[in-house]
Structure formats: C-alpha cells, structure tokens
1. Just the residues that are modelled with pLDDT of 95 or more and more than 10 Å from chain B (Cβ to nearest Cβ), please, taken from the range A:30-42.
2. Among (1) closer than 22 Å to A:D49 by Cβ; (2) within 14 Å of chain B (Cβ to nearest Cβ), there is one condition A:M159 misses while meeting the rest; what is its number?
3. What do you reckon, is A:W297 crowded, with 19+ Cβ neighbours inside 10 Å, within 27 Å of A:Q93 (Cβ to Cβ) and either aromatic (F, W, Y) or within 17 Å of the chain's Cα centre (by Cα) (or both)?
4. What are the residues in the range A:107-146 that are within 19 Å of A:A180 (Cα to Cα) and in a strand (DSSP E or B), if any?
5. All but one of (1) surrounded by fewer than 17 Cβ atoms within 10 Å (Cβ to Cβ); (2) under 22 Å from A:T229 (Cβ atoms); (3) among the polar types (S, T, N, Q) hold for A:N326; which doesn't?
6. Mind counting the residues in the range A:1-13 that are touching a strand residue (DSSP E or B) at 6+ places or on another chain (Cβ under 6 Å) and touching a residue at least 12 places away in the same chain (Cβ under 8 Å)?
7. Of the numbered conditions (1) over 28 Å from A:K234 (Cα atoms); (2) among the hydrophobic types (A, V, I, L, M, F, W, C); (3) within 14 Å of another protein chain (Cβ to nearest Cβ), A:L164 satisfies every one except a single condition; which is it?
8. Can you find even one residue in the range B:82-95 that is on the phi < 0 side of the Ramachandran plot and touching a residue at least 60 places away in the same chain (Cβ under 8 Å)?
Amino acid sequence: MLQVNGYAINAETPLELLTDYLTPNDLFFVRSHWIPRMPDLKTWRLRIDGDVEKPLTLSLTDLRKMPVSDATCVLQCAGNGRGLYEPVLPGVQWRYGAAGNAHWRGVRVRDLLTRAGVKSSAAHLHTFGSDDPPGNVPPFHRSLELTKAMDDALLAYEMNGAPLPPLHGAPLRLVVPGWAGDHWMKWVVRLSPQAEPAKGFYMDTAYRYPLSPGAPGVSFKPEEMKPVTELSVKSNITTAPKKARAGKPVTIRGFAFSGAPGIARVEISTDDGDTWKAATLDPRHDPFAWRLWSYSWTPARPGRVQLLARATDSRGAVQPREPVWNQSGYLYNGWHGVTIEVTA
Amino acid sequence: MKRVLLLALCAGLSLAALTTPAPKPKGVPKAQPKPLPILGTTFHSLPAGTGRSEVEAACYRCHSADILVQQRLNEKQWTAEVEKMMRWGAVVKESDKPVMVAYLLKHFGPGNKGFQPIRTQPVH
C-alpha cells in the first residue's frame, strides 16, 4: 500500500495492482478522518431514530436475520486524484489509487427504514459513525437524500465474502452505489431520517462541488456549490509496458467507472486526443461496478508515444481532458496517459 | 558486430560467474530485503529548522507528519490551515503562529515536489 498518512490511517493502492475485477480487501484503499474505536460486538447496537414511527435498536445478529442483499460496485474517495490538480490544493494528496471495486453484502437501508416506519416528513438520512474526534474537531456526521438511500443503499457487514474489515468500517458501513465515498459512512452506529440535511463542516464546507465549471484556481462561493454525490466518468491505465518494438503488439489494460450504472466504451488515443480507437471491454459488469478493459496496440514506428484513455458512460457522459477544478480537489477525472518508448 | 561482441562478453561474464563463484564473506549475514512496514506504524519525520518543535507540539496530538510533508501550499493556504486547526483545538500560542507558518512554507511550500508515500505491506 502507499501510505499517505499513518495516523489517522490513509493509504492508496498502487495503480499497477488495481487489475482485478474485485479489489482484494488487503489491497483496498483506506480513508479515515479519525481513529476508530473497535466496538465489542456483543454490546454493539445500531440505532434508528428520527422521523420514524418505531425507533429501533438492533444487534448484529438482528441484522443478519434480515433479508440479505448485495451489490458489486466501486468505492472511490471523493478526493481521489486531488494531488493531480493544478493549481495545487491542501488535503490528502491522493493520486490514482483511492478507488476499488468490491462485492458488498448486507441489508438494504430501505428494508430497515420500512421496518422502522419512516415518516413522509423525512427527506434526508443522517448517518453517524462511532469515530468521534476529540475537542472541536468536527465529527464526520453526514446526510444523503432519502430517495437515494431508499433506492439502492446497503448497510454492509461483508466485503468480498469476508466480514467487513475494521479499517473498512466493521461491523457495518454504508454502501451507496455510484456515489462518492464521503457518503459511505463507516463504523455506522446510528441512522436518523430527518426533514432537513445534516449541518456542520463536512456538509457545509467540505464535500461540495461546483454547480458549473469555473476557471482553475478561482474559488467558488458557497451558493455556487452543491454536495458531491455521483462519481464522474473516468478511466485509468493500470498495465502498460515502458518499452515496445515497432510492429510488435503490446497490451494495455485498465479500468473505467462512473456515477452512471454502466460504461459504454473506453477508447485509446495515440495522437493527443485527435482520434480514438475502441478498447475491448471485459465481459464482467454490474451496475456501478468498474469495467476492466484491454487494448492491443501495435506501434508503427520508433519514438516516444503517449497513449491516452477515456471512458464514456451509459448516459453518454464522456471523460474530459481536464477535470473541473474545485477548491477541495474532488472527482478528478482528467485523461490518464502513459508514455511508451518504441524502438525499431 | 558490436552486438555480437557484447553478447560474447556477457556470455563470458556469466560463465565466469558460474565457474568461479565469489567467496562468501565470513561473519557477514546475507543481505535480506527489508520487510515493508505495517500500515500506520511508520511515519515521515519533519526536517530540522526553526519552528519544527512548535509544529510537532501542535500537530502530533492528532495526526502524523505525513499529511504535512506532502503539501505544496503558499503562505495564504498554510495560514488558513493553521488557523483552521487552531479553531479545531490545536494548542498554538498566537505568538507561535508566524514561526510555524514560516517553517511550513519553507519546507512544504509550492516548490515541495519530493513527497513519496510510505510503501507498506498489504493490510492483512
């Protein structure tokens, strides 16, 4: 792993290791705002309160007795790629590897809230983890639109067939397919449907994104921003040789994902984006999962050649050359390139 | 011709390496690659300089130096970060703020290009 902060723990996966459809748990990136306290599972409880008819207090055993649901989808930190933005921005300098694809298993948020009798007055689901920080450090309390939570969010207790690992939120984390990681609350202990969205630093200042693009380096005013929600369409190249021989084919590989349920195509350019050729999509796919792809390239002549990848999602959104600059460095999705030295 | 000569030289060297092994040095343990550290157990340290002790005292209570040494911020950005942390509970004397900002700017200013994440073992 590439540790970008040791305490609290933040680490990204080396890009060249992100080659599997399911990212192994031991290589999956870790993002922590604060240091979690591992609960005693015998006494651990999930509380559901707020705008509900019947507040609930549930043990892990109670949750495991409920209907099981699952999803295979991408988790990407909202700030993945922050270190690539120009002008530079403060914060964890993630580059490429704060993203992974996993199979999540647990219970539907919809089933839980229906059981609790969610009231029609509720419009936002407030989510609370157990990792409360000390002093005046703002707690990572968040909310997301209830419609999204009721649509396809899960509370996962398993990741890739194993109990959810401690660094990934054991015993329970939120899974919000297609949305950035700031919504995927870890160490969840309380859900609370309410009429209004959550307030505080991590809602009102952090995790906000421009309504429309501006000039790089020019900060947006609060009213020009909205919460980060859906991921942006992007692709990365994970596998490429540094050298190739003219006339001899080489294979380039990578992944692509989006806030849309699917990836329509991935294309490769060897002429700085003037022309594009289709890569081959791997047959494995699930809604909001990443799509692996490969491209066989036969260099025509010697020289240094840059290969660029771009993805187009199932809604027609095309990955742009440059991302939308924003003062917190979220959702970087500029074209990713590799340079290959071609010899005779 | 040159390539043939080079190949011959390489082959010769390989053969020599096979037939006349270098004597093993006595008493010197065979060099083992250093195992990678476990995530969250090894941290970057801060470079020596005026302001280091103030920065260490204020920042280490809540986070490691890693998050500092990767930044490339200008004076305005560093001042904003220090003031944000003071609001969040960092114990900083107002009189220490200039020396801290100057230290952070000198070492982790816009020209700070050398940051490397610490490579660790997978998270077992």
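1. A:R31
2. (1)
3. Values: crowded, with 19+ Cβ neighbours inside 10 Å: yes; within 27 Å of A:Q93 (Cβ to Cβ): no; either aromatic (F, W, Y) or within 17 Å of the chain's Cα centre (by Cα) (or both): yes.
So A:W297 does not fit the description; no.
4. Filtering the range A:107-146 down to residues within 19 Å of A:A180 (Cα to Cα) leaves A:108-109, A:124-129, A:139-146.
A:R108, A:H124, A:L125, A:H126, A:T127, A:F128, A:G129, A:R142, A:S143, A:L144, A:E145 - these are the residues of the range A:107-146 that are within 19 Å of A:A180 (Cα to Cα) and in a strand (DSSP E or B).
5. So A:N326 meets the others, but not (1).
6. Step one: list which residues in the range A:1-13 are touching a strand residue (DSSP E or B) at 6+ places or on another chain (Cβ under 6 Å), which gives A:1-4, A:9-12.
Adding the requirement that they be touching a residue at least 12 places away in the same chain (Cβ under 8 Å) leaves A:1-2, A:4, A:9-12.
So the count comes out to 7.
7. Only one criterion is unmet by A:L164, namely (1).
8. Within the range B:82-95, the first condition is being on the phi < 0 side of the Ramachandran plot, and the residues that meet it are B:82-88, B:90-95.
Next cut, touching a residue at least 60 places away in the same chain (Cβ under 8 Å) only: none.
Checked against the condition, which is being on the phi < 0 side of the Ramachandran plot and touching a residue at least 60 places away in the same chain (Cβ under 8 Å), the range B:82-95 yields no hits at all.
The values are calculated or read from the model by the stated rules, or taken from the named source; none is laboratory data. The model shown is predicted, which means the values in this text are computed figures rather than measured ones. When we count neighbours, we look across all protein chains shown, and the Cβ atoms used for this are built from the backbone with ideal geometry, even at glycine.
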